[in-house]
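Structure first, commentary second.
The values are calculated or read from the model by the stated rules, or taken from the named source; none is laboratory data. Source: prediction; values computed, not measured. Here the Cβ is made from the backbone with ideal geometry for all residues, glycine too, and neighbour counts use every protein chain on show.
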C-alpha cells in the first residue's frame, strides 16, 4: 500500500469584488490532481512558478485547506480530521521550506529552532534529552553540535538549509515535503544538499515529495516525476522516461530550459 494517496485534489482560492466582497470567481491553484507516493521513494513535482506545486505540498500537510478531494496517509483520510485529531500525524509529515533565510527565526538560537518541535510533540523530554537530540541531528546533517548556541545570521545559506533539514527530522517523520529546498542556493551547494537528502533517505527510510521548478534538480533524486502546469498534472512517468522520451509539450519546454554543458 502506498504511504500517500492523493485523489481528485482541488485547492481553489475565491476571488471577490465590490463592497460586499461578492464571490465572482476562483483561482484554481490545484485542480483535480491525483497521484501516489510509495514508502521509501521520492516523487519529484516539477513546474514553473504559479503552476500550483507548492500549494499541493502545503495542502498535503493541511497548512492550506483543500476545497475537495481525498488525501490518505498510511491508509487514513486526513482531510476530515480536526487539528487535534491530525496532530499525532503532523509528527509523521514534515516540511523543508524553500527559503533558508526566511524560514528560521533570527531571534532564536539554533538549539531553540531545532528543539521547538520536540517541545511540542514530546513534552515529556527533559532539556538535557532535547540537547542530546539536537546534537545528534546537527551531526546527521553535517554540522557540529557546538553550533547549537549560535544564531541563523552566523551561517551560510547551505548551512541554514541543513538546520532546516535537522528541524524537519527532529520528530522522526516518515514523509517530508521538500519545497524547492535548493532553489535559493548556489549550484555547488545545491548538489551537496541533494546528496545529503539522498543519504538521509537511505539511512532513515524517508519518503519525499520533492518540489522544484528545474527538471535538472529532480533528475537524480526522484524515482517518479510529476509535471504540473496551471494546477493540473500533465505528465507522470519514471524519472528515466521523462528525460528520455517526454510526452507533453510543456515537459519538452521545461527540458529545453535546462542549461547544458558545451
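Taken across segment 120-129, residues that are within 29 Å of residue 5 (Cβ to Cβ) and either modelled with pLDDT of 95 or more or not in a helix (DSSP H, G or I) (or both) do occur, with at least one present.
Are any of the residues in segment 162-173 buried (at least 17 other Cβ atoms within 10 Å of the Cβ), free of Cβ contacts under 8 Å to residues at least 60 places away in the same chain and closer than 21 Å to residue 238 by Cα? The answer is no; no qualifying residue exists.
Inside segment 195-262, counting only helices (runs of 4 or more DSSP H) that do not spill past its ends, which hold 1 or more residues that are modelled with pLDDT of 90 or more and over 17 Å from the mean Cα position of the chain (by Cα)?
On the way: elements: 215-218, 239-244, 249-256.
Counting at least 1 such residues, we get 239-244, 249-256.
Among the residues of segment 11-27, are any buried (at least 17 other Cβ atoms within 10 Å of the Cβ) and under 20 Å from residue 225 (Cα atoms)? No: segment 11-27 contains no residue that is buried (at least 17 other Cβ atoms within 10 Å of the Cβ) and under 20 Å from residue 225 (Cα atoms). For residue 231, the criteria (1) crowded, with 22+ Cβ neighbours inside 10 Å; (2) within 16 Å of residue 37 (Cβ to Cβ) hold in every case but one, which is (2). Of the residues 61, 104, 89, the single one that is buried (at least 16 other Cβ atoms within 10 Å of the Cβ) and touching a helix residue (DSSP H, G or I) at 6+ places or on another chain (Cβ under 7 Å) is 104. Whenever a residue of segment 125-150 is at positive phi and touching a residue at least 60 places away in the same chain (Cβ under 8 Å), it has no partner that is assigned to a helix (DSSP H, G or I) and surrounded by 13 or more Cβ atoms within 10 Å (Cβ to Cβ) lying with C-beta atoms less than 8 angstrom away and at least six residues away or across chains.
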